[in-house]
Amino acid sequence: MEKLTRVSTISGRTMFCHLDAPANAISVCRDATQVVVAGRNIFKIYGLEEDGFVERLNLRVGRKPSLNFSCADVMWHQMEENLLATAATNGAVVTWNLARPCRNKQEQLFTEHKRTVNKVCFHPTEVNMLLSGSQDGFMKCFDLRKKESVSTFSGQSESVRDVQFSIKDYFTFAASFENGNVQLWDIRRPDRYERMFTAHTGPVFCCDWHPEDRGWLATGGRDKMVKVWDMSTSRVKEIYCVQTIASVARVKWRPERRYHLATCSMMVDHNIYVWDVRRPFIPFATFEEHKDVTTGIVWRHQHDPYFLLSGSKDSTLYQHMFKDASRPVDRANPEGLCFGLFGDLAFAAKESLMSAPPSVGDVGRKTYPGGDRRYPIFFFKKPDVTEQFEQVSSALSVFESEAGSSVGMDWFINTAQSYLLSGKPFGELCEHNAQVAKRLNRPQESTTWTMLRIMFSEPANPSLSSNHNLNKSGNLPLVNSFSMKEMSAALSERNKENRQDNLHSLETNLNNNDENEETEGSEGQAEYLFGDAELDDDDLYSMEHDNQAAEEPEYLLPQEAFPLRHEIIDHPSAPEPVQERPESPHVSGSETESTCLTSTESFSLISVSQLLFSPHLPPKFFCPIVKEMLCYYAEQGDVQMAVSVLIVLGDRIRKEIDELTQEHWYMSYIDLLQRFELWNVSNEVIKLSTCGAIMCLNQTSTTLHINCSNCKRPMSNKGWICDRCHQCASVCAVCHHVVKGLFVWCQGCSHGGHLEHVMEWLKHSKHCPAGCGHLCEYT
Amino acid sequence: MDMRDAAGRWDALGSRDSSSRHAAMELIHQEVMKRIETMGPIPDPQSSSPPAMDDSLSSDLNALLAHVLMLSKRCPYEDIRKKCTCLLQKVQDVGVRIPRPVGNGPSRFIPEKEILQVSKLDKRIQSIFEDAFAVLGRLDNISLVMGFHPQYLENFLKTQHYLLQMDGPLSLHCRHYIGIMAAARHQCTYLVNLHVNDFLQVGGDPKWLNGLEEAPQKLQALGELNKILAHRPWLLTKEHIERLLKAEEHSWSLAELIHVVVLLTLYHSLASFTFGCGINPDIHTDGGHTFRPPSLSGYCACDIANGNGALEEMFGNQQVSELSGEVEVLMEKMKQLQECHDEEEASQEEMATRFEREKTESMLVVTSEDEECVPSRDVSRHFEDPSYGYKDFYRRGEHVPTLRVQDYSWEDHGFSLVNRLYPDFGQLLDEKFQIAYNLTYNTMATHQGVDTSMLRRAIWNYIHCMFGIRYDDYDYGEINQLLDRGFKVYIKTMVRTPEKITKRMYDSFWRQFKHSEKVHVNLLLMEARMQAELLYALRAITRYMT
């Protein structure tokens, strides 16, 4: 109680004073009224007043100050208010007694360390116990009543960077080392450490015990990390990890705030950060006053979380008020966008932003609950009252490229290989391609093909088409409506696959940039709930499963996919019959285009099936629609569809689309095919194309340069004999005759021969027939 | 078949797969034979000069043969060595003059028989050499000499590889050019030649080699930095850095600058090592081989110029026997220092004066009894202001300001900066420094089980002291006890003006120590110097950034 009143009497503001020299370390006395600043050329005590720092005492006395004054570290005793200890860069440990009457307050001098002493630490409860850690790898414990050290602890490695007595355990202290290790010692047992673990790669510059949690130790290292370790269990466990942007020089737990700690860095970065260890990606608060690296930070009072003191290389001493700190969270960009390895796209934004546009996903989910369950996954984090972060709830949407785990372009390859582009009557081609698309679970494309067939093929003419064909046309309405349904279902499914519905909607208190890691990382923290009641593990599983089967390639944005369904539903009217040409009767099946048509233009499904044989539509009639459809596909990135249709339709459509666009499509498609090494298909496309520019692609680089297999010179003449070494080149390695015709050779050892001979040979032997020892592969 | 083509072929020789090595060797064989054929009638071996018309052809062939010669001696693969020797023999049988290596092995100072023989390697070195050979297509003399200390060599090669060949802010040819600039600062012909070849091989513009003024302005701007870093790094200020970083279209980026600084410091100190160990030119480079028949004396001119005569050798041996016990004295001193350390404690003022004394003493003129060596390639054109060096500086009696290592150290500050701007490289350098600093076999000459840390620390700190870097926690009196005058002269020369090192200096320090230990000292010198320069450069950059 008394403590509390004490605290409340402290007041102040953010203030600073100039020091004469850079500070290396600062320490504050227990009642928070005075602060000592130590550095290479400074050793002073300042009083903390309401409106500023007041210099109380200069401990640097004498005409020629010795190196003992050159301090690497300083600590004010927390029990005895006149007692100070410093660590000198020359290896001395000095204690100072402010109660000494003379000007020189130096009390004791221990020169047992051979190298720079990096750290001194008083025992929190024992008045006369002082611990030091030095560059020479030793830690020494001094009893201030004696002239020399009581015990020496050898870390068995070089350079102790920090030593800290545990606040709760009387006998324990932690030491951090330059090689990345942290050791725990029992003060009574100098022979061997109790525990050791590797905390960081590279030096561990600092460590700090949690003031309340017995087993928690925070460490900071050159690897730019702050880690919190739990020592209470039998195995030391890393429970939190904060990644900073520069090596961590000091770390101090914030009083009264269980999860907060302050850090400053040794290089480059001058700010002081206060982190909530549960929110490791963005500092909770930042103090940006210093102009050079901060070398020492200390909370003004051990029970007051609102004042932080800091000393810096820029020769200033600051008192920071917590209310004046800048809060990076407020300035953080709450949107995040990222591409995954397999083309997945994740987008996170504040929930308010996400729900603003008509949330198609929700609609989709309601309409098709069966298929939809899997994607909206909600993670809720129980709000933690101790967290002081602004509550931001944000939604994360993941737009996956489908087709499972593989490249995500399987559908493309499959389609490219299976589509028939020529060699059959138009109707059959369409039919075949529709089947292919359907098989690959691409209902929209499938329907498009079917519609194309209906639009452009010859009128169902018994004489022309077989019985089978007739049957088909008889079936058409059925097929049609069926596929329609399927399609709309598929579309909605796609919706959900595209995860319009915000998937992982996380109620989190941070900005969502971090959400991802948040969900995976952190075992230590809580409790995600599946918000969607229907969702259980099985669903999750099956969803993955479906995912593989579904092959919807492009990311259809909801707005585009969705209207389609509406159109299908309320097709307003039947198309107006236009005059018919003999070759082309047909049904208008325009759902394919409906994606890009407005509803007034589109035709009702039902009317289509009814109108099936109203034979008054010339194919020309459809051309604008088909053209639009092709453009739509091309724009969607499915240039495959555009080109395939273009080829299959041939003259029927070609004139409608300008040459340049066609060429562009062809080029894109060929390029894609070649990326996927579908050389045969690409060649076929080139062959079937009608653009001049494309056709001539086949005519280039048809020359094959060969070198003579004997003398390695280029074969310039046309014959079989190299004109330089006058030997027959390209001799079959198997039969030793000259190969005239198909010559196959290994790219590894360049031996080869008659195709059939080599095939035969390699069935029996793995080695090159020429005997060169190369393991040839024939595939 | 131009050089680039040839490079491809040589590369294949580095393969670990013996059959592809074999194939590559076949190609080379054919190539050589074809050249000889196309040269036409074999020149009369008696005639002193080959026909003028063949000049370019024959020089091509000679370059080829020199490379083959190098392979026959230095390739880590025995089969290639044998084949190359055969090939040379064959060529000679045809009547073509073949080259022979000049000098005795990789180093002028160390007898060839002391240095690792490529033919007798243990497994570890063999694999290190194979790696190096695969990467560089050669095994340079520096690596051979460093082969005394495989642990270090491995790291050294890794660092060099990363610095010169892996991803980094600078383009490949720039890296080599900067290496050339740095080495030229110390007139280190060996390194300059080595990197001129590499520079051309990675497609550098040969015009740049005519001098710094032919290089782009961006590179020219580095002249100043190079000069200061090499000779007086403590004068480097943030203004220098600013000038480089803010030069309109010729400005450097911070990441590039770090790369530059690391390259410059590495090659300055590598030049020290090269001179300190008396590295001979590589066999395949200019001056590494000769087509002249061996002279009668058995010593070539450059050996004599460097005092590598037989007489000297004998003389040296005599002295060694006289001075036996030197090691024991040193060890005794170390022991004493260890023991009395706690008893007698010098005052702080005394400590400070000791440091200042060492520092000023280290500035004193090194006795210049040595003769000027004449660089075969005009290396001075790669840097400006050749007169700038230690000489005029210590004559002016300039005072070196003190940098306290507690205020700016590699471990705490330098590392973070380098790693931030040139990721991963800080780690590599850190390892390199640590290996060099901690390397020990616990031996001193013939004595086993000696803790040499004190001696190593004295050497390291002495070099840093020469650069004005002070360790608060070190008693600089120890240096005087442990390092005798001859050794100090050697260190000073090596760090300041490595080009003036002579064999006599090399021989005259630590006579009883083994060559491997002297190489060890050289490694320490090199790393300490590099770290010192690096510290100053990084400090300037840090100051610029804050």
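Once R0 is set to 41 Å, what does the formula 1/(1 + (r/R0)^6) return for the Cβ-Cβ distance between residue B:79 and residue A:683, expressed as a FRET efficiency to the nearest 0.05? With a Förster radius of 41 Å, E is 0.35.
Stretching the chain fully between residue B:350 and residue B:427 yields a gain of 24.0 nm (0.36 nm per residue, less the alpha carbon separation).
Each residue of region A:756-769 is assigned a 3J(HN,Hα), and the resulting list reads 5, 5, 5, 4, 4, 4, 6, 5, 9, 9, 8, 7, 5, x Hz, derived from the Karplus form 6.51 cos²θ - 1.76 cosθ + 1.60 (θ = phi - 60°), x at Gly and Pro.
From the C-alpha gyration tensor of region B:480-546, pull out the three semi-axes of the equivalent ellipsoid (sqrt of 5λ each), sorted largest to smallest, in whole Å.
Semi-axes from the Cα gyration tensor: 30, 12, 11 Å.
Computing FRET efficiency as 1/(1 + (r/R0)^6) for residue B:112 and residue B:217, where r is the C-beta to C-beta distance and R0 is 45 Å, gives about 0.50. Sorting the segments B:228-241, A:268-281 by their residues' average number of neighbouring beta-carbon atoms within 10 angstrom, most packed first, yields A:268-281, B:228-241.
Other chains near A:220-229: what is the mean number of their Cβ atoms within 10 Å of each residue's Cβ?
On the way: counts 0, 0, 7, 3, 3, 0, 0, 0, 0, 0.
Average per residue, whole number: 1.
Taking amide H atoms as placed 1.01 Å from N in the peptide plane, the amide H of residue B:444 lies under 5 Å from those of B:450, each 5 or more residues away in sequence or on another chain.
Residue A:158 sits among other residues whose Cβ lies under 12 Å from its own Cβ, and their net charge, with Lys and Arg +1 and Asp and Glu -1, is +1. List the residues of region A:301-320 whose backbone N lies under 16 Å from a point placed 7 Å from the Cα of residue A:327 along the Cα-to-Cβ direction. From region A:301-320, the list is A:306.
Cross-link check: pairs A:105/A:146; B:227/B:503; A:627/A:655 evaluated at a Cα-Cα cut-off of 20 Å; pairs beyond the cut-off: B:227/B:503.
Hey, quick one: spin label on residue B:451, modelled 7 Å out along Cα-Cβ, who in region A:150-165 has an amide N within reach, i.e. under 19 Å? From region A:150-165, the list is A:151-160.
Provide the net charge surrounding residue A:311, with neighbours chosen by a C-beta distance below 15 Å and charges set as Lys +1, Arg +1, Asp -1, Glu -1.
Its environment carries a net charge of 0.
Is the shape of region A:622-692 best called rounded, prolate or oblate, per the rule: a/c under 1.5 gives rounded, else a/b larger than b/c gives prolate, else oblate, with a ≥ b ≥ c the square roots of the Cα gyration tensor eigenvalues? Here region A:622-692 falls in the prolate category. Shown in residue order for region B:189-200 are the 3J(HN,Hα) couplings computed by the Karplus curve 6.51 cos²θ - 1.76 cosθ + 1.60 at θ = phi - 60°: 4, 4, 5, 4, 4, 4, 7, 4, 4, 4, 4, 5 Hz (x for Gly and Pro). Note on region A:123-177: along the principal axes its Cα atoms extend 29, 28, 12 Å, ordered by decreasing extent.
For region B:221-226, putting each phi into the Karplus relation 6.51 cos²θ - 1.76 cosθ + 1.60 with θ = phi - 60° gives couplings of 4, 6, x, 4, 4, 4 Hz, in residue order, rounded to whole numbers and with x for Gly and Pro. This ranking places B:405, A:120 by how few other beta-carbon atoms lie within 10 Å of each, fewest first, which gives B:405, A:120.
Set the Förster radius R0 to 25 Å, insert the Cβ-Cβ distance between residue B:34 and residue B:89 as r into 1/(1 + (r/R0)^6), and round the FRET efficiency to 0.05. List each step's numbers first, then the result.
On the way: r = 18 Å, r/R0 = 0.72.
The pair residue B:34/residue B:89 has a calculated efficiency of 0.90.
In this simple spin-label model, placing a label point 7 Å from the Cα along the Cα-to-Cβ direction at both residue A:756 and residue A:674 gives a separation of 3.4 nm.
When each of B:478, A:777 is scored by the number of other beta-carbon atoms lying within 10 Å, the sequence from fewest to most is A:777, B:478. For the pair residue A:422 and residue B:250, label points projected 7 Å from Cα toward Cβ lie 6.2 nm apart. Here the label points at residue A:658 and residue A:33, each 7 Å from Cα along the C-beta direction, are separated by 8.8 nm in the simple model. Take the alpha carbon gyration tensor of region A:132-237, find the square roots of its eigenvalues, order them as a ≥ b ≥ c, and report rounded if a/c is under 1.5; if not, report prolate when a/b exceeds b/c, else oblate. Because a/c hits 1.5 or more and a/b fails to exceed b/c, region A:132-237 counts as oblate. Under 5 Å from the amide H of residue A:34 lie the amide H atoms of A:29, A:48, each residue being 5 or more positions distant or on a separate chain, with H modelled from the backbone and absent for Pro and chain starts.
How would you rank A:691, A:735, A:776, going from fewest to most other Cβ atoms within 10 Å of each one's own Cβ? Mind showing how you got there, number by number?
Numbers: A:691 19, A:735 13, A:776 22.
Least to most surrounded, the residues fall as A:735, A:691, A:776.
Amide H to amide H, with H built 1.01 Å from N, residue A:56 comes under 5 Å of A:45, A:46, A:47, counting only residues 5 or more places away or on other chains.
Of A:252/A:313; B:123/B:492; A:313/B:359; A:687/A:740; A:44/B:492; B:83/B:207, which sit over 30 Å apart, Cα to Cα? Among A:252/A:313; B:123/B:492; A:313/B:359; A:687/A:740; A:44/B:492; B:83/B:207, the Cα-Cα distance tops 30 Å for B:123/B:492; A:44/B:492; B:83/B:207.
Any read-out appearing in this document is the output of simple, stated calculations on the displayed coordinates, not a laboratory observation. Quantities reported herein were computed from a predicted structural model and do not represent experimental measurements. Positions of Cβ are generated from backbone atoms using ideal geometry, with glycine treated the same way; all protein chains shown enter the neighbour counts.
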